[in-house]
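Novice: This is the structure, below, for whatever I ask next.
The values are calculated or read from the model by the stated rules, or taken from the named source; none is laboratory data. Values in this document were obtained by computation on a predicted structure and should not be read as measured data. We place every Cβ from the backbone using ideal geometry, glycine too, and count neighbours over all the protein chains shown.
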Amino acid sequence: MIRVKNISKKFENGGAEVWAVNNVSFGLESGIFCAIIGKSGSGKSTLLAMLGALDKPSQGTIDVDGKDVTLMSEAKLIDYRRNRIGFVFQNYNLVPNLSALENVMLPLEFAGINKNDRKSRAKKLLLQVGISEDKHNRKPLHLSGGEQQRVSIARALANSPKFILADEPTGNLDSNTGRTIVDLLKRLAKSENTTIIAVTHDQTIADQAEVVLQMKDGKLSMK
Amino acid sequence: MSTISRGMRNAFRNGLRTLSITVILAMSIAMALIMLMAMKTVEMKIESVKSSVGNTITVTPAGVRGFEGGGELLGSDDLATIQKTDNVSEVTAIVSERLNSDDTNLESPIEPGSFGERQNNRGYNGGGVPPESSSGDRKFTMPVTVTGIDNLENLSALNMSKLEITAGEKFLSGSEDKIALVGKDLAQKNNLNVGSIFSAFNQEIKVLGLFDAGNTFANAQLIMPILCVQEISGQKNMYNSFIVQVDSVENLDKVGDSISSALEDKADVVSSAQSTESIIKPLENIKSISVYSLIGSVVAGSVIILLTMVMIVRERRREIGVLKAIGSSNYGIVSQFISEALCLTLISSVAGIILGALLSNPVLKVLVNNASADGASGVPGATPGRGMMRMVNAIPGIQNTFRDISAVLDWSIVLYGLVVALLIAIIGSMLPAYFIAKVRPAEVMRSE
Ligand SMILES: Nc1ncnc2c1ncn2[C@@H]1O[C@H](COP(=O)(O)OP(=O)(O)OP(=O)(O)O)[C@@H](O)[C@H]1O
Ligand SMILES: [Mg+2]
């Protein structure tokens, strides 16, 4: 359960104020696959960053399972990012000198899980997203874009988060590969009861979503 | 994979960069280490010069240096005066004589050489009476030096750095017997052994022992009981010099002043502190050069690792953002970067320590040569007379001060080196740590 109430984000660009997100409110139940669409610069990434506690809103509240994220201490925020949220980025953002397996183990290490459990869980996750065992020890550079995105989804799933926040997860992929990635996310939403919030430019992806939110100049409208 | 091993792996992420940083850093660590060694070595040398010189005052008759000059010898009343002075713990009296071929059947093992011949032609042969050699019918020989002393343990009074009895035995303090310790070169030249008899001032002297003082000049000498020398040379109760032992260095000046005023202008009083100053000064110059260079190289090392880490952090901004976004604490990321910096400095310090060990001696030699050249020209009258040389030589060990300097490499210095490296790494990681903390995790959302 997430309830966003009247959040706004203001940036100052050389003296000029920009309201990247302007008085946005919405709510989502668990296990929903939600798409956020909108033109470039409409504030989609900014909204997602606030939902994932990567940035603080200038105004408003974000209520997750009865707790207000905007009021959390720095230590609580780290815990929130680690255990409640999984991020998937357009350019994958895997750590280049770590293998696929080690990338997936990273959030498990931050959560304080012991080495053996980390390894077996990471292996299971990689298999689950369709990365075969022979690719587990490859560096990101030696994986295709679609494979890298699968690894990053496995990494996002590592600590069984309530939410997966994906910023244009198919933006760098061809349409076929993009579709398989979206199918994967949808399937996970159901099997793990994870809420998926995905920013996308792709209308075919938006068509598969249960909820579609549209951003326009920092304002949100249901579709 | 833990934070630390991740940091260590990151240290090798860019091979070429790792290599170049390691080389530069190793050189600055080697430099720091060499300077540290130089500092320690010189410090030890200063200590040893100070302690070997000790707290002594040399009292000689006014206007007399060695065997030159005029003036009256000192007497036993002077000895008594000095002995009564406050803070004087011991006085060793010396009588020096030179035996010409007229006075003894001994031949000096030292070849006169051009220096000796010149001295001789100028009539510098002690007594002032022109020897027969000047008329050309006899070859000039070097006189044999005799030191009359009571206390054989006082090496500084003997003007020797060691006194090793190679045969026979030492004479006892207070002895009046006509006996002598013979330097090993002198003994060899004259076929003397323990129990042999030779003549001096028309007296028969028995060889009690042979000694090795470690240098040619001293090994051509005789050491005899002071009472015996005074008697046979007809100088009863007369002395050439007193070596005064003062109870502590702090009282050196005070005692020197009271002896000077008590003996008025009868005697020249030279304290060991005065004569060592000129030797210690260049050493202290080396020391301060090393201190500045040490500080300089530590600063240089810190700046190198600092700039490197700043560069690395800037380069990996996005990665830092990702680590934050997937749940790492600032602390975790900072420790990862510190372990990377530590790893770089550790490799560099191993290379630096090896480099430092190899280069320390050559570098120290260069330092010492420059400094001692400066030092020598800074000593007034060091070149002209033998008097000054004798005075300097009277302090055992000093002749060898510069020659004997070599770097001391011990494990404590290697340990220091590692501590220096650690310091460099920590200082070098501080600013980057601040940058790391400032990276906004939201930045990962921005495309490059
Ligand atoms: N850190 C920042 N400082 C200043 N302005 C910012 C910052 N981040 C975003 N903005 C501004 O906020 C607005 C919204 O940006 P945002 O990245 O959320 O757009 P977006 O919808 O994700 O666009 P795109 O589809 O191109 O990724 C833009 O006008 C952008 O210039
Ligand atoms: Mg965006």
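Novice: Have a look at A:T46, A:T70 and point out the one that is more than 16 Å from ligand 2 (Cβ to nearest atom) and hydroxyl-bearing (S, T, Y).
Specialist: Exactly one residue qualifies, and that residue is A:T70.
Novice: Please determine, by comparing only the residues of the stretch A:21-45 that are surrounded by 23 or more Cβ atoms within 10 Å (Cβ to Cβ) and within 8 Å of ligand 1 (Cβ to nearest atom), which one is nearest to the chain's Cα centre (by Cα).
Specialist: A:S45
Novice: Out of all the residues in the stretch A:107-120, is one or more of a type in the set (F, W, Y) and in a loop (DSSP other than H, G, I, E, B)?
Specialist: Within the stretch A:107-120, none of the residues are of a type in the set (F, W, Y) and in a loop (DSSP other than H, G, I, E, B).
Novice: Tell me which of these A:L173 doesn't satisfy, since it passes every other one: (1) out of contact with any Phe, Trp or Tyr (no Cβ under 8 Å at 6 or more places or on another chain); (2) surrounded by fewer than 19 Cβ atoms within 10 Å (Cβ to Cβ).
Specialist: (2)
Novice: Hey, another quick one. Return the residues of the stretch A:82-96 that are within 16 Å of ligand 2 (Cβ to nearest atom) and not in a strand (DSSP E or B); say none if nothing qualifies.
Specialist: Those that are within 16 Å of ligand 2 (Cβ to nearest atom) and not in a strand (DSSP E or B): A:F89, A:Q90, A:N91, A:Y92, A:N93.
Novice: Please give the number of the condition A:I78 fails out of (1) assigned to a strand (DSSP E or B); (2) away from ligand 1 (no atom under 16 Å from the Cβ); (3) crowded, with 16+ Cβ neighbours inside 10 Å.
Specialist: Failed condition: (1).
Novice: Return the residue satisfying two criteria in turn: it lies in the stretch A:93-103 and is surrounded by fewer than 22 Cβ atoms within 10 Å (Cβ to Cβ) and aliphatic (A, V, I, L, M), and of such residues it is nearest to ligand 1 (Cβ to nearest atom).
Specialist: Checked the stretch A:93-103; the qualifying residue nearest to ligand 1 (Cβ to nearest atom) is A:V95.
Novice: Looking only at the stretch B:296-334, count every residue that is more than 46 Å from the chain's Cα centre (by Cα) and of a type in the set (S, T, N, Q) and tell me the total.
Specialist: 3
Novice: Still on this structure: Select, from A:L126, A:L106, the only residue that is farther than 30 Å from A:G66 by Cβ and either within 18 Å of the chain's Cα centre (by Cα) or within 16 Å of ligand 1 (Cβ to nearest atom) (or both). Full working, then the answer.
Specialist: On the way: A:L106 fails: farther than 30 Å from A:G66 by Cβ.
After ruling out the rest, the residue left standing is A:L126.
Novice: For the stretch A:53-67, how many residues meet the condition of being modelled with pLDDT under 95 and either within 16 Å of ligand 2 (Cβ to nearest atom) or of a type in the set (V, I, T) (or both)?
Specialist: The qualifying residues number 3.
Novice: Still on this structure, I have one more. For the list (1) within 14 Å of another protein chain (Cβ to nearest Cβ); (2) surrounded by 23 or more Cβ atoms within 10 Å (Cβ to Cβ), I need the number of the one condition that A:Q90 fails.
Specialist: (2)
Novice: Right, something else. In the stretch A:25-43, what residues are near ligand 2 (Cβ under 9 Å from one of its atoms) and of a type outside the set (S, T, N, Q)?
Specialist: Selection gives A:G41, A:G43.
Novice: So B:I165 clears everything in (1) surrounded by fewer than 19 Cβ atoms within 10 Å (Cβ to Cβ); (2) closer than 19 Å to B:N240 by Cβ except one condition, right? Which one?
Specialist: (2)
Novice: Could you please find all residues in the stretch A:153-176 being assigned to a helix (DSSP H, G or I) and in contact with an Asp or Glu (Cβ under 9 Å, 6 or more places away or on another chain)?
Specialist: Result: A:L157, A:S175.
Novice: Would it be correct to say that A:V4 is part of a strand (DSSP E or B) and either within 14 Å of another protein chain (Cβ to nearest Cβ) or in contact (Cβ under 8 Å) with a residue 40 or more places away in the chain (or both)? Walk me through how you get there before you give the answer.
Specialist: Details: part of a strand (DSSP E or B): yes; either within 14 Å of another protein chain (Cβ to nearest Cβ) or in contact (Cβ under 8 Å) with a residue 40 or more places away in the chain (or both): yes.
Spelling it out, A:V4 is indeed part of a strand (DSSP E or B) and either within 14 Å of another protein chain (Cβ to nearest Cβ) or in contact (Cβ under 8 Å) with a residue 40 or more places away in the chain (or both).
Novice: Another one. Name the residues in the stretch A:97-106 that are outside any helix (DSSP H, G or I) and either over 26 Å from A:V182 (Cα atoms) or more than 10 Å from chain B (Cβ to nearest Cβ) (or both), would you? Don't jump to the end; show me each part of the working.
Specialist: Residues of the stretch A:97-106 that are outside any helix (DSSP H, G or I), as a first pass: A:97-99.
If the condition is that a residue be outside any helix (DSSP H, G or I) and either over 26 Å from A:V182 (Cα atoms) or more than 10 Å from chain B (Cβ to nearest Cβ) (or both), then A:N97 is the only one that fits.
Novice: Okay, moving on. I'd like to check something: does the stretch A:100-108 contain any residue that is at negative phi and in contact with a strand residue (DSSP E or B) (Cβ under 9 Å, 6 or more places away or on another chain)?
Specialist: Yes: the stretch A:100-108 contains one or more residues that are at negative phi and in contact with a strand residue (DSSP E or B) (Cβ under 9 Å, 6 or more places away or on another chain).
Novice: Hey, another quick one. What's the number of the only condition in (1) within 14 Å of another protein chain (Cβ to nearest Cβ); (2) within 19 Å of B:D78 (Cα to Cα) that B:N330 fails to meet?
Specialist: Condition not satisfied by B:N330: (2).
Novice: Within the stretch A:137-170, can you find the residues that are surrounded by fewer than 24 Cβ atoms within 10 Å (Cβ to Cβ) and β-branched (V, I, T)?
Specialist: Of everything in the stretch A:137-170, nothing turns out to be surrounded by fewer than 24 Cβ atoms within 10 Å (Cβ to Cβ) and β-branched (V, I, T).
Novice: Run down B:S290, B:S248, B:S278 and say which single residue is buried (at least 22 other Cβ atoms within 10 Å of the Cβ) and either touching a residue at least 12 places away in the same chain (Cβ under 8 Å) or touching a strand residue (DSSP E or B) at 6+ places or on another chain (Cβ under 8 Å) (or both).
Specialist: Working: B:S248 fails: buried (at least 22 other Cβ atoms within 10 Å of the Cβ); B:S278 fails: buried (at least 22 other Cβ atoms within 10 Å of the Cβ).
Exactly one residue qualifies, and that residue is B:S290.
Novice: So for the stretch A:199-214 (the condition being closer than 21 Å to B:M445 by Cα, within 17 Å of the chain's Cα centre (by Cα) and within 14 Å of chain B (Cβ to nearest Cβ)), does at least one residue qualify?
Specialist: Yes; the residues of the stretch A:199-214 include at least one that is closer than 21 Å to B:M445 by Cα, within 17 Å of the chain's Cα centre (by Cα) and within 14 Å of chain B (Cβ to nearest Cβ).
Novice: B:S349: in contact with a helix residue (DSSP H, G or I) (Cβ under 6 Å, 6 or more places away or on another chain), in a helix (DSSP H, G or I), modelled with pLDDT under 80 and of a type in the set (S, T, N, Q), yes or no?
Specialist: no
Novice: Can I ask one more? Filter the stretch A:46-60 down to residues that are over 20 Å from A:T194 (Cα atoms) and surrounded by 21 or more Cβ atoms within 10 Å (Cβ to Cβ) and give me whichever is nearest to the other protein chains (Cβ to nearest Cβ). Steps first, answer last, please.
Specialist: Just the residues of the stretch A:46-60 that are over 20 Å from A:T194 (Cα atoms), to begin with: A:46, A:55-60.
Then keep just the ones that are surrounded by 21 or more Cβ atoms within 10 Å (Cβ to Cβ); that gives A:46, A:55, A:57.
Values: A:T46: 8, A:D55: 4, A:P57: 11 Å.
This residue is A:D55.
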